[in-house]
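Report on the following structure.
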Amino acid sequence: MRPDVRLRDVQETDLAVFFEQEHDTEAVRRSRFTPRPRDAFMTHWATRILADDTVFVQTVTVDDAPAGHIVAWWDEHGEERHRFIGYWLGRPYWGRGIGTEALALFLRHERNRPLLADPFIENTASIRLLERHGFRPVGTVRHGADEHTLLVLTAPG
């Protein structure tokens, strides 16, 4: 039986799940994302994500349980402003098509284009997921010492 994958607004209780997922050692290795201490994590979510009405964030649920999240935000560097997407799924949900289904649902609502993503260059599963939805590699960017693939989605889903 296929899992029931849905998106919904983030609930406060989801944050504890997201925090634990951010601290999963294999997820950190694959993403090259440095996990935050609990206070910094909660402050970031409260002030930079949930309180910002230009951010679109959804909890991914699988059979009604929070499995991760998908978020789109504006990134500004000087005069340039770009819309980015990012996501995080708990390890029990990897490799089951859940990310594919969740991203398809998310892209029906997030209509801003171009939409960019920059997964760690060695996170081939994430790169493949994005490419399945029409994202195309356009180069690389560096975040600290790590190289990331820059992908762009130009056409609406």
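The values are calculated or read from the model by the stated rules, or taken from the named source; none is laboratory data. None of these values were measured; they are calculated from a predicted model. With ideal geometry, Cβ positions are generated from the backbone for all residues, glycine too; neighbour counts draw on all protein chains shown.
Only residues that are in contact (Cβ under 8 Å) with a residue 12 or more places away in the chain, within 21 Å of Glu26 (Cα to Cα) and assigned to a helix (DSSP H, G or I): list them for region 104-125, please.
To start, the set of residues in region 104-125 that are in contact (Cβ under 8 Å) with a residue 12 or more places away in the chain comprises 104-123, 125.
From what's left, within 21 Å of Glu26 (Cα to Cα): 117-123, 125.
Ala125, the sole residue that qualifies.
Mind listing whichever residues of region 21-44 are surrounded by 12 or more Cβ atoms within 10 Å (Cβ to Cβ) and either in contact with an Asp or Glu (Cβ under 6 Å, 6 or more places away or on another chain) or charged (D, E, K, R) (or both)? It would help to see each step written out before you state the result.
Let us first name the residues in region 21-44 that are surrounded by 12 or more Cβ atoms within 10 Å (Cβ to Cβ), namely 21-24, 27-33, 35-36, 38, 41-44.
Matches in region 21-44: Glu22, Asp24, Arg29, Arg30, Arg32, Pro35, Arg36, Arg38.
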Val10 of a type in the set (A, V, I, L, M), surrounded by 11 or more Cβ atoms within 10 Å (Cβ to Cβ) and assigned to a loop (DSSP other than H, G, I, E, B): yes
Give all pairs with beta carbons closer than 8 Å in which a residue from region 1-28 that is hydroxyl-bearing (Ser, Thr, Tyr) meets a residue that is in a strand (DSSP E or B) and at pLDDT 95 or above; count only pairs at least 6 apart in sequence or on separate chains. Thr13/Pro66
Residue list for region 126-147, filter: under 26 Å from Asp4 (Cβ atoms) and assigned to a loop (DSSP other than H, G, I, E, B): His133, Gly134, Phe135
Selection from region 137-157 of residues that are out of contact with any Ser or Thr (no Cβ under 6 Å at 6 or more places or on another chain), surrounded by 12 or more Cβ atoms within 10 Å (Cβ to Cβ) and charged (D, E, K, R): Asp146
Failed criterion for Gly95 (all others in (1) closer than 29 Å to Pro156 by Cα; (2) small (Gly, Ala, Ser); (3) not in a loop (DSSP other than H, G, I, E, B) hold): (3)
Would region 19-29 turn up any residue that is outside any loop (DSSP other than H, G, I, E, B), at pLDDT 95 or above, more than 19 Å from His148 (Cβ to Cβ) and of a type in the set (A, V, I, L, M, F, W, C)? yes
Restricting attention to region 30-60, which residues are at pLDDT below 95 and of a type in the set (S, T, N, Q)? Ser31, Thr34
